[in-house]
Amino acid sequence: MKVAVIGLRVEGKKTLKSLKDRGYQIYATDLDKKIALEDEGIDLDLGFHDEDKIFSADSVALSPGLWKTPLGEKVKESKMLLSDKINTHRSLFTIGVTGTNGKTTTSLMIKSILEKAGMEVLIGGNAGGGFDGYSELILEADSNKYQAMIVEVCDMTLEYAEHCFDFDLVVATNIGPDHLDHHQSLENYARTMGEFLKSKHCLLNKQDKYLVEISKNLVKYSFYDKTTYQLLLFGEFNKINAGAAETVANILKIREDIIKDSLENFNPVEGRIKAFDIKGSHIVVGKTDNTGAIQEVLKEAEFPVMVVGTPRAEEKWRFKILEEVCKSNPETIILFPGLEDSTSQAVKKLISLGFEGEVKIIKEFGQLPEIIKPYLSFKNIFIGGNGQEKIKEMQNYIESLSKG
């Protein structure tokens with residue numbers, strides 16, 4: 001079987017790997033001539049799309065970012081999408097988890113409960129969130145036997161995911177200011193979410209005002225709130241994530257002792273918020289790449305020292321994270337290149353905000369031990385912001401200190 005892969009960014013590259021691992025023939029194409037790609041064994045066109053090659057393939061894997069383009073519309077009309085040609089995944093009980101923050105942790109909590117209850121569970125989706133992409137779910141469901149599937153759905157791919165999957169339940173975690181280059185406004189995002197949820201069985205975060213408003217137009221929904229179980233995870237926000245997982249489990253009539261054991265023994269997800277105690281310092285490390293995420297962390301404690309990863313220079317809305325950081329009035333802000341080196345832009349932002357504390361810059365990860373060492377006597381230190389892979393490295397370094 002030959003599959004045409006259109007669009008070779010995060011989802012497209014992961015689709016290529018999924019197809020290559022299973023021995024498919026592949027034609028891949030992207031309009032960007034500068035895409036970095038190992039093209040061994042792939043018929044590859046960069047800078048243009050060859051529609052003859054696309055429509056002579058047996059199926060097409062379309063990047064979610066091309067969903068509304070003329071070529072995307074043509075592919076949808078042809079009924080050649082991978083999710084149209086391979087449909088084993090549609091027979092599985094499917095749980096979608098979407099929203100701005102908390103998707104990965106909530107998804108993995110649900111998986112933990114279902115597996116402890118004896119179910120074979122397939123999980124994945126949102127390639128940008130760290131999973132292996134939507135195509136991997138479709139292909140894997142066709143390759144092995146599962147009873148349930150959990151799909152993390154990025155807020156930028158709601159329409160795409162709605163076409164590709166048949167959701168039996170959808171958890172909506174929250175709606176906050178992220179990916180505003182795509183949504184243009186928070187209100188637009190809320191409207192799109194409302195359309196996505198409209199005809200589905202939905203579980204909604206009781207504390208999110210946008211989801212409460214959306215519920216007025218839904219057919220079948222219920223609210224969830226914080227779990228009462230004791231968690232190993234940092235933060236009240238994780239109790240809300242656990243409340244979502246608990247509600248899913250209750251709907252599926254899973255025994256309370258299984259739910260309790262799963263949630264109370266659930267460990268922090270790599271890259272997400274995790275707390276360490278080192279010689280009197282409480283160090284909180286994890287991904288906080290939008291204002292909603294950083295606000296939730298700052299509700300928990302005051303952090304006199306904050307180490308913050310910077311976003312891509314063009315992602316202007318993400319620099320609002322620094323506004324939340326400044327509001328908390330830390331003594332020291334240490335900046336590091338998160339998604340890219342926009343530290344000089346971040347310094348200008350701090351100056352414009354009137355920040356009068358100490359500002360330092362880490363240009364390379366190797367500088368972290370030297371720069372952070374003098375601050376380890378502080379009661380609370382926060383490390384977060386953008387750049388998930390670098391934050392994972394920092395977690396590993398801090399964890400090594402906690403064991404040293």
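Please treat every number below as a calculation from the coordinates, not as lab data. In this text, all values refer to a predicted model and were calculated from it rather than measured experimentally. Every residue, glycine among them, receives a Cβ derived from its backbone with ideal geometry; neighbour counts consider all protein chains shown.
Worth pointing out:
- FRET efficiency, 1/(1 + (r/R0)^6) with R0 45 Å, evaluated for V359 and E73 via beta carbons: 0.40
- Descending Cα extents along the principal axes, segment 274-403, whole Å: 39, 25, 24
- Estimated distance in nm for a label pair at K216 and M1, the labels positioned 7 Å out from Cα along Cα-to-Cβ: 4.5
- One quarter of the surface of the convex hull around the alpha-carbon atoms of segment 147-204 equals 4.0 nm², the direction-averaged projected area.
- As a rough footprinting exposure proxy, the listed residues S143, S18 were ranked by other beta carbons within 10 Å of their own, and the order from fewest upward is S143, S18.
- Here the label points at D341 and Q207, each 7 Å from Cα along the C-beta direction, are separated by 3.9 nm in the simple model.
- Between K379 and T228, the contour length at 0.36 nm per residue exceeds the Cα-Cα span by 51.6 nm.
- Gyration tensor over the Cα atoms of the chain: the corresponding equivalent ellipsoid has semi-axes (square roots of 5 times the eigenvalues, largest first) of 36, 27, 20 Å.
- Counting 0.36 nm for each residue step from L186 to I351 and taking away their Cα separation leaves a gain of 56.7 nm.
- Spin-label model, S400/K327: points 7 Å from Cα along the beta carbon direction are separated by 3.6 nm.
- Other residues with beta-carbon under 10 Å from the beta-carbon of Q230 carry, at +1 per Lys or Arg and -1 per Asp or Glu, a net charge of +1.
- Over the chain, Cα pairs under 8 Å with separation of 6+ residues give a relative contact order of 12 percent.
- Cα centroid separation - segment 54-104 against segment 294-330, whole Å: 35
- The spacing between segment 374-404 and segment 178-235, judged by their C-alpha centroids, is 31 Å.
- Sites R90 and D43 - FRET efficiency at Förster radius 30 Å, r taken between beta-carbons, to 0.05: 0.55
- Set K103/K274; K206/K327; K327/K349; K14/K274 screened for pairs whose C-alpha atoms are more than 20 Å apart: K206/K327; K14/K274
- Remark on F336: its backbone amide H falls under 5 Å from those of V308, G309, T310, I362, a criterion applied only to residues 5 or more positions apart or on other chains, H modelled at 1.01 Å from N.
- Restricting the trypsin sites (Lys or Arg not before Pro) of segment 82-173 to loop positions (DSSP other than H, G, I, E, B) with no more than 11 neighbouring Cβ atoms within 10 Å leaves K145.
- Charge tally in the Cβ shell below 15 Å around L376, where Lys, Arg are +1 and Asp, Glu are -1, L376 excluded: +1
- Projected over every direction and averaged, the convex hull enclosing the alpha-carbon atoms of segment 60-114 yields 5.1 nm².
- Segment 88-264, relative contact order in percent, only Cα pairs under 8 angstrom and at least six apart counted: 26
- A Förster radius of 30 Å, combined with the Cβ-Cβ distance separating F55 from E115, puts the computed FRET efficiency at roughly 0.15.
- Other residues within the sphere of radius under 14 Å centred on the Cβ of D132, judged by their own Cβ, net out at 0 (K and R +1, D and E -1).
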